Amino acid sequence: MLKVYIVITILLIGDLTVYLTNGISISGQLIDKIIFWTWGILSPIVIVKYSKRIWVKWYLGLVLFLITLSFIPMGIPFLKVALFATEFNNERRIRGYRLREGAKSVIAIPKISLIKDIGVFEKEIGEIDFYIEIDENSYRLSEIEKIDINEEVDSVIIEFAVENQSTIQKIKKN
């Protein structure tokens, strides 16, 4: 069980680090949530089971120190990690792309992210405003009837349509 816990801890740290630095994550959010909650459930079990070992005391101290440290600036880092694994987003999949509503931080303005599937990973291409303006009306992603995505060399063109009205959004590739 200790080996499984170590592997899950390394996966969690690696996934979170690559996501925060490059916007790359394991495809879909379900796997991120499974990794986070598995780590969260296994942590107390491992700490109790191996509590007499010195490295567990150091590990517990480090985890508690980092959690306490994250509360200092309004708890934003702690909330960021929690948001990474618990955020529920409205999303739509179109030909190897995923459009997802959400915010990257608990204090950020929500956006719609365009994410491209790359095998078992995914890369965030760019973002557009949370509300889609079509003929002076604002729509959320769930209200859009038709979405078409066309990839160009340096950008991605997205066409949103509602009731025979449409608008085009262009996202430059990162």
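The table that follows gives values for the structure above.
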read-out: Residue match in the stretch 79-86 (condition: farther than 18 Å from ILE125 by Cα, at pLDDT 80 or above and among the polar types (S, T, N, Q)); value: no
read-out: Number of positions in the stretch 12-33 that are open to solvent by 80 Å² or more (accessible area, probe 1.4 Å) and more than 23 Å from TYR97 (Cβ to Cβ); value: 1
read-out: Verdict on ASN89 being closer than 27 Å to LEU114 by Cβ and either exposed (fewer than 11 other Cβ atoms within 10 Å of the Cβ) or at pLDDT 80 or above (or both); value: no
read-out: Residue tally, condition in a loop (DSSP other than H, G, I, E, B), among the β-branched types (Val, Ile, Thr) and surrounded by 14 or more Cβ atoms within 10 Å (Cβ to Cβ), over the stretch 108-157; value: 1
read-out: Selection count, the stretch 46-65, where residues are open to solvent by less than 80 Å² (accessible area, probe 1.4 Å) and touching a residue at least 12 places away in the same chain (Cβ under 8 Å); value: 6
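The values are calculated or read from the model by the stated rules, or taken from the named source; none is laboratory data. This structure is a prediction, so every number in the text was calculated from the model and none was measured. Glycine gets a Cβ as well: all are built from the backbone with ideal geometry, and neighbour counts include every protein chain shown. Heavy atoms of the whole protein, side chains included, go into the accessibility calculation; ligands, DNA and RNA do not. Shrake-Rupley method; radii C 1.70, N 1.55, O 1.52, S 1.80 Å.
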